[in-house]
Amino acid sequence: MNLLHNDIQNSLGVGINIVSLSGEGRESEESSFTPLKELNIPYNLFSLVDICDTQKEIRIEERILLYYKYDNHPINCIKIFRSDYNIKPLGLRFLQFHLFNSTVKYGIPDFIQMYDGDIYNITSKLIDTVTMTSGNSKRLFRSTYPSLSIKLFSNGASSDHGFIAEVITLPISAIGFNRDVQHNISSSIVSNNQLGAVLYNAAGEVNPIVTIEKNQFKNNCRKFYGNFTTCKAAIDMDIQNTQTVYFRGNLVERNQGGLYIKADSRGSATSLRGWIYNNLFVNNSNLPTLYVEGRKSSPYQEVTIYRNYFTRNYAQYHNNIILRQVVSNFTYNYVKRNIGLQNLEVSGFDKVRLNIYQTTSHNGFYNNFAVFRDSRSTVVAGTAGQHYVDNIFFNPDNDYEMITVNRSFTFQLWDTKIDAANNYWGVNTTLAVRGRIRDQSDDHRLLEVMYEPFYMNNRTILDGKCPPGWELVGETCYMYIGAPMTFWEAKSFCQADNASVPYLLGNINYLPVYDFLRRQHEWYLYSDKVWVQHIDRINECTIFAYQTVEVEDCNRRSPFICEIDPKVSIRILPLADDIVTISVISSFALAILLIIIVIACWWSKSKYRQAQRLERRNSIRQSLHSLRSSTRSTDTLTKKMISNGSIDSMEKSTYSSSIEDTQSYDVYEAHNPNPNFVPTIEYHKSPGRFDNQYAKPTTYDLAYKNEGFRDNSTFATNSNYQSRAESVQDNATDETPIMPPEEGGISYPPSEYYNDDTLPLHSGKSDSTLDLKRGIEESNKGYDPTYKRDRPDPNLLHELKSKLPQKPPTPPTKHSPTYSEQLDNLNYTPDYNTVALAHPHDRPQSMNILETDFDEPVAPKPKTRSKSEVLLETNFDYTPPEGSPLFNHPITDASRSKSQPLETAM
């Protein structure tokens, strides 16, 4: 039987109601199955005989089904069955038995009586009477005659009551039932049905294989009040001797309860093997989301619950997941954010010691909440010997992660502990783990839990970085959800659980995705399609089908993949596996790199050329500036020589002057007017003759400002003098004389006088001017040749000197005092920072400073002179009697100049 691609919605009853009544194939006195109880079947069923119909006698050849469904009327009905040809005796076996059980003491209870022969014949005998309390409903009732009479007495009751029985001829002929018969419900939508989505009942020695696959069960059953609903579950299955049940790839959403399976079998040959795979249970309420129960205590029924997703289910009066009296394997399931009385119950087998234990492994329990007041627990372990391994328990809102319940009456079973070692309990200390388990250490009546060793963290259980139920594909975690949804429903579900439908990039991860689907779904075919997203088709509904991505109708119902990334890492090159893409990107990167290198070289070359242009421009400017300075110096020197100047003096002035330095000349001119003096312009500063004596740098930039002058203004500060005096003292050499301090502890000249604007007031080792001149000449021997190009041409100087008017020879002079004697006779005047003259009050102070005898020669006589005057005395004005000027002539008393100290920066 195949029910495919059906859409069953908005019915007042059950969406799909299936009753499989295969009956018994042998003449055993007791049936191999238990008669069914409640049935939701309609009146006047085709192919079934109503016991109360008008036809009283029926002939049968092999088998016939007899039934009755209660209504509001009490009845008393009789049916007589005769075998064809009046040869074979008859038998009756109940397949469903659910008479109304009256609780009143008066009156006659409902019953069914079987008579051997015709009931209207006084020779017929009563075979047996069956009531709800008689306990003989599983018997095979035989007749010795080829006729069998059945009498029913019942009161009025609800339509759930009634019976179904098979009447067969004996011995039983071959029924012709095939063991490979299948009942298949697939690719259907069953929603908004008032009494449930699917009701499946089976009774018989052998029943078909049941497959429920790729269906949507949504909004089925109704809630009355509290825990009262119109059904026990949205999918209710009561099966016996059913070898296999497949429930896979289904969506169970917003129902009253989820999947309910109650199984039984006579032996291991017909025991249940249930497979519950890749289903999604979401937003179901009031009743258990998953309930699986075996009817007998024998460990025959086995069920494997694998890779299912339980989330956002709410059952206030029941446990969310119940596995009772079945050998369960609960593996790789993801249980998250569920609310129930308890979240998972694994129990049963109270008096049986199992050789195959109930196992719960590799599951993730996250953020579930139990509402049971006495002990809120995630797991209820109700059977000795259960195994829990490699699970993650992280439910901080619950009091316990596991509690035990002792349902055994034999104390020997207490020796078998519950094995819960190698799990992660959300904490990493022994005392904390002990506090998350309630067992025999808390109450001696409970079973003991062995929880050590336990995991300190969840790293061992994770698949890379993915929790149980998820699998690492590439760098993110994927979960295959086989529940069929439309594209937009799939996206909404993933987003509600903080996940997303994964994006595929190009075609680089098609094969890993296909391999992942084969691992997740055992029956996955290459033609199956799964919703994904593609980076190149953002606004389209894309579906993955065997290593390709296609555009599909958005309303198609297909499985899908959810993607999470618990540990986000940024990958710079996500297309590392695509050789073509990498080659193209590398080529672009290399081209861009070459362009950058070319631009960098061009920029560097431009900067270098600009620097060269600036250097050439500055060199030209300096050359022009030097040429103008040389021209001006030559003109000024000629004018000064003509105005009774000295070539040597002018040469010295040329080397120690600056164009900007006009202050000294202005002061001198104001105090010493000379009518014969021709105004001069200042000259560009050249290297001094005695630079090496004072340890100055050998190079000098002609473009720099000359700082070799003294600020004679009244705004000069002592701090400036002090700083410059320190520089002078630091540059002192061995040739610099040291003046002893005056009595009273005050040295003269004061420290403010020692700065770069004045001359150092230390003479050489000797007080002789001749010795000083010789020292200067010796120092000139180390003169840097680099300055030779800046010195005036000697021939030019000689020519200019020859044009000067000749002075008469100076008469012989008397011997002047020595330098030591002059120093002994000096009187210092610190107020003016200079050497006082013989009569300091005879003239103004400025005249004392700037007095000179350039205009007329004065006969040498002993006098008191300043220290700088002694140091800088020259013979620039002296002309030998022969009439030709001589250079580098030793200074004598007659050839000394009477000029005042020259301000200089040497």
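The values are calculated or read from the model by the stated rules, or taken from the named source; none is laboratory data. Keep in mind the model is a prediction, meaning the values are calculated, not measured. A quick note on method: Cβ atoms are made from the backbone with ideal geometry, for glycine too, and the neighbour counts reach across all protein chains shown. Side chains included, ligands, DNA and RNA excluded: accessible areas come from the protein's heavy atoms. Shrake-Rupley method; radii C 1.70, N 1.55, O 1.52, S 1.80 Å.
The table that follows gives values for the structure above.
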read-out	value
Debye intensity ratio I(q)/I(0), log10, segment 426-467, q values 0.15, 0.29 Å⁻¹ (C-alpha model)	-0.47, -1.00
For segment 8-155, fraction of C-alpha pairs farther apart than 23 Å, in %	40 percent
Efficiency of FRET from Cβ geometry, Asp442 and Asp419, R₀ 22 Å, rounded to 0.05	0.75
Reference-scaled alpha-carbon Rg (2.2 N^0.38 Å with N residues) for segment 38-118	1.23
Relative packing of peptides 622-630, 212-220 - highest average C-beta neighbours within 10 Å first	212-220, 622-630
Student exercise, segment 147-264 dipole from Lys, Arg, Asp, Glu Cβ charges, in Debye to nearest 20	440 debye
R0 of 41 Å, Cβ-Cβ distance Leu594-Asn6: FRET efficiency to nearest 0.05	0.05
Above-threshold pairs, the threshold being 31 Å between Cα atoms, out of Lys296/Lys417; Lys56/Lys232; Lys138/Lys232; Lys262/Lys336; Lys232/Lys465	Lys56/Lys232; Lys232/Lys465
Cα gyration tensor, segment 192-305 - rounded (a/c under 1.5), prolate or oblate	prolate
Heavy-atom accessible area order for Arg63, Arg312, largest first, 1.4 Å probe	Arg63, Arg312
Ranked packing of 465-472, 513-520, most packed first, by mean Cβ within 10 Å	465-472, 513-520
Scaled radius of gyration (Cα, divided by 2.2 N^0.38 Å) that segment 325-476 gives	1.02
Sites Ile579 and Val551, calculated FRET efficiency, Cβ-Cβ separation with R0 45 Å, nearest 0.05	0.95
Segment 1-63: radius of gyration over Cα atoms, expressed as a fraction of 2.2 N^0.38 Å	1.53
Over segment 117-258: Kirkwood hydrodynamic radius from C-alpha pairwise inverse distances, Å	19.0 Å
Linear extension gain, Glu27 paired with Thr244, 0.36 nm per residue minus alpha-carbon span	75.6 nm
Order by protection proxy (mean Cβ within 10 Å, highest first), peptides 249-261, 116-128	249-261, 116-128
Additional length obtainable on full extension of the chain from Thr129 to Trp523, 0.36 nm per residue less Cα span	136.8 nm
Projected label distance in nm at Lys605 and Lys37, using a 7 Å step from Cα toward the beta-carbon	9.7 nm
